[in-house]
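Here is the structure we will look at, set down as structure tokens.
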Amino acid sequence: MLNSDFEDEQWLKVLAGSALRAEPRLIREAQALRGALKVYQQQLDEQTPVADDQQLQQLLFRLRREGAGLRAGEDFEVASFSRTEPLFRDIDRPKEAGSVVEPRKQIARRNWTWGLAASLVLTVAVMAQWAGFLERESEPQYRGSTAHAVLTAKDPESAAAELLAKFRELDGDPQSTSLGYRRFQLQVRPNAAITAYLRTRQLEPVVQEGTITIVVEPPRTK
Amino acid sequence: MTDDEIIKLIRSGGKAMEAAVKSLYASTGQSMLRFFVYHGASAEDARDLLQETFVKIASSAHTYRGEGAAAAWMWQVARNCLADFFRGASRPEHAVNDDEWGTISETVADTKLPADAARSVDDCVLRGLMNFGRRDPERVYALTMQMDGHDIETISHHIGRRATATKQYLCECRKKLAPYIQHCTELLGP
């Protein structure tokens, strides 16, 4: 089925829906493919999620949390590992996000260092959890007495993003702050709609100095 | 807002960055989700990939030096994220090299369809196209863009080729697809 360049071009034009004077068989072939592509496209489009506002809010929340774009002239990934710079000094990181090919050795070396870094982070996390556990054991928590409401969620990033989006929608001028690993503080200006919304989420709003503070965090592990 | 302006604003950070990200999300978000699904990602993975792509665009906007179109650079980031994703996951299908094409041409072209499958040319072509799509999703993605009437430059940004190479690539799709639908086109008559 070898064809001339001219014939291929005609085929592409008919595929794009142009009405051409061309060989009938070529037109039939391109039109049959066009019909099949439409069905195929429809099937895949049904599986494609919608780029909705909720996902945009999650994305913006993540960008704010990670400070991406705030440090112009500085590579975000490198910046986030600046404290362990001596460990990573010998790694040639890809210079541009557009670069594709990385030598195998480089990948292996990077994986090794990532493994080491992950182990260190895990160790620190376990120790921090243990220290927190001991602290909680010795000091009983009176959650009702705090000046903020606590929302526990398995996916605190999504929950915080959802709240932020809702607060914005209700004109609450919300602010978000990261409190460390997967914990977020949201501050919002109270109004009747926000108070009503929080009650639907089983959160009792506590207004302090004209602000409602909500802390979103993952469930505590025992 | 043009793509170059978007990158410039992303670099400046803060509220300007957020406005630029929102604009980019509105203009490109849905196309990127579609791109990921067409290349075999699930809906959930496509959402994660889109977020990853935007975070990478935001965090590495300063590395874009204005060589080539900004859109091409952003789509390259998306393709890198997809490639990273498939490096981590075991992909059920793989891209076909030229040797494999030879084998496919010899075997598939002679395959006779069961009587019920050949009821219509349309069904036959659709089945062939689906098989081709599993083998080479990028080509089907490019053909879909061509069918939708996108210009060569836009298609070239999405698939990461120069405009002239993209035209060649699209023409080659006919040849590559032929073994999958040749038995159907015989039903089209002379």
Accessible area buried at the A-B interface, both sides summed, 1.4 Å probe (Å², nearest 100): 5500 Å²
Accessible surface of the stretch B:1-92 [probe 1.4 Å, protein heavy atoms]: carbon and sulfur percent: 50 percent
Threshold 10 Å², the stretch B:121-139 residues less accessible with all protein chains present than alone (1.4 Å probe): B:Asp122, B:Val125, B:Leu126, B:Leu129, B:Met130, B:Gly133
Those chymotrypsin sites (Phe, Trp or Tyr not before Pro) in the stretch A:167-220 that DSSP places in a loop and that have at most 15 other beta carbons within 10 Å: A:Tyr181
For the stretch A:4-9, 3J(HN,Hα) per residue [Karplus equation, 6.51 cos²θ - 1.76 cosθ + 1.60, θ = phi - 60°, Hz, x = Gly/Pro]: 6, 4, 4, 5, 4, 5
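The values are calculated or read from the model by the stated rules, or taken from the named source; none is laboratory data. Since we're looking at a predicted model, the values are computed, not measured. No Cβ is skipped: glycine too gets one built from the backbone with ideal geometry, and neighbour counts run over all protein chains shown. Accessible surface areas use protein heavy atoms only, side chains included; no ligands, DNA or RNA. Shrake-Rupley method; radii C 1.70, N 1.55, O 1.52, S 1.80 Å.
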